[in-house]
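Here's the structure, in structure tokens; my notes come after.
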Amino acid sequence: MRMNPRTRWTAPVLAVTAILLASAAAPASAATTTALGAPQVVPIPDSQVRWYANDSTFPYLPDAAGTANLAFWVDGVDYRSTGQTLDTMSPVDPTTAVLGAGPRGSFDGNGAWLFQAVRDPGDPSGAIYGFYHAEDHVFADGVTGYEYNSTGLAVSTDDGVTWTKKGQIIGTPQPQKAQNGGYEINSVVYDPVGKRWLGIGHGVAYASTDPGAAPGTWKGWDGSAFTVPMPTATDAGKLKPLSTLGSDISGSDLTWNTHLDRFVLLYQNWGDDTHVYAKTSTDGITWGPATTLLTADAGKTVGYPQLIGASSSETGQQATLVYEQWPSTTGRNRDMIERTVQFTG
């Protein structure tokens, strides 16, 4: 295991750095303040994903027994480890990847990046639903160097040791001509109020009311409702970004906050790798004004911001902000940084 070269210590909470406003429909008294702790480098267990701390946001959740936590390390293939905290993860177990690419030319033929894993909403010790970013680089015209993206679902019944792929849940057919593109989810949670799965990708919302989040049950936002069936071969043009998010979002992290009783969305904008923004919403559709949660230090860039609390999909009054940062101080391509976040509201 690669250990943090610094002695571990409890990060002090710094001065208030941001104000997260509730959805526009909420009263002003629902305003929420956040305070960030000092940054610290997360020690990453050694695995075949040695070059990266992580190449995605990543799943983190309690094991079925509730005695430890699971984390997955992601770079096209996915490795699993367990520990009491993010800082104390054991070497990967099993030592081989637990999820990887599908057959060449399939929607996930060039990699599967687990970005979220959520325990069965009806059973805290039940199956885990894993949502992954999928890439296909094989185009009919034979041109290489491009990727077409979508989202797949995999399910595990043994705490993430093995996974069964269920298929593509968000996506459109690959074009004949090689190009970067595709429709996908960047983040997903189970909505405890709406009793549905809710995902957001580049400002577009998607939802499924199926408890198992199965392929064929997802629909995309058309500007006023979830009506566009996913995956789709013909109706992608009907998809619209949420009016309170827009289409400038390059990536996002969606969590349900039990202290605020609302969703929190972290995101970055296209072309901006020095800021992390945040919004909140009571329904996942109407989002309040943006606030700048994090500005990178001079000479540094950041990516893949996410919040972790009880899991990577549920947070409370105190959570941990985790993100990747360049340049590296650990010999890897990048550092994984953690900071405490205190919500008051």
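The values are calculated or read from the model by the stated rules, or taken from the named source; none is laboratory data. Everything numeric here is computed off the predicted structure, so don't read it as measured data. Note that we place each Cβ from the backbone using ideal geometry, even for glycine, and neighbour counts take in every protein chain shown.
Does VAL228 satisfy the criteria of being touching a helix residue (DSSP H, G or I) at 6+ places or on another chain (Cβ under 6 Å) and among the aliphatic types (A, V, I, L, M)?
The answer is yes for VAL228.
Report whether or not ALA178 is among the hydrophobic types (A, V, I, L, M, F, W, C), over 19 Å from PHE58 (Cα atoms) and part of a strand (DSSP E or B).
no
Suppose we filter the range 226-248 for residues that are touching a residue at least 60 places away in the same chain (Cβ under 8 Å) and either buried (at least 19 other Cβ atoms within 10 Å of the Cβ) or assigned to a strand (DSSP E or B) (or both); how many remain?
Residues that pass the stated criteria total 3.
For the range 253-281, what are the residues that are of a type in the set (A, V, I, L, M, F, W, C) and not in a strand (DSSP E or B)?
Those that are of a type in the set (A, V, I, L, M, F, W, C) and not in a strand (DSSP E or B): LEU260, TRP270.
Take ALA178 and tell me if it is without any contact (Cβ under 8 Å) to a residue 60 or more places away in the chain, buried (at least 18 other Cβ atoms within 10 Å of the Cβ) and within 22 Å of THR255 (Cα to Cα).
no
Just give me the residues in the range 157-172 being more than 15 Å from GLY109 (Cβ to Cβ) and more than 18 Å from the chain's Cα centre (by Cα), in sequence order.
Hits for the range 157-172 are THR157, ASP158, ASP159, VAL161, THR162, TRP163, THR164, LYS166, THR172.
For the range 90-124, name all the residues that are within 19 Å of ALA65 (Cβ to Cβ), among the hydrophobic types (A, V, I, L, M, F, W, C) and outside any loop (DSSP other than H, G, I, E, B).
ALA117, VAL118, listed by residue number.
Residue pairs, Cβ under 6 Å, 6 or more apart or interchain, first in the range 184-205 and charged (D, E, K, R), second at pLDDT 95 or above and in a strand (DSSP E or B). List them.
Pairs found: GLU184/ASN149; GLU184/SER150; GLU184/THR151; GLU184/ILE170; GLU184/GLY201; ASP191/LEU198; ARG196/ALA207.
Among the residues of the range 43-64, which ones are farther than 30 Å from THR286 by Cβ and modelled with pLDDT of 95 or more?
PRO62, ASP63, ALA64
Being surrounded by fewer than 20 Cβ atoms within 10 Å (Cβ to Cβ), touching a residue at least 60 places away in the same chain (Cβ under 8 Å) and not in a strand (DSSP E or B) is the filter here, so list the residues in the range 36-66 that pass it.
The answer is ALA38, PRO39, ARG50, TRP51, TYR52, ASP63, ALA64, ALA65.
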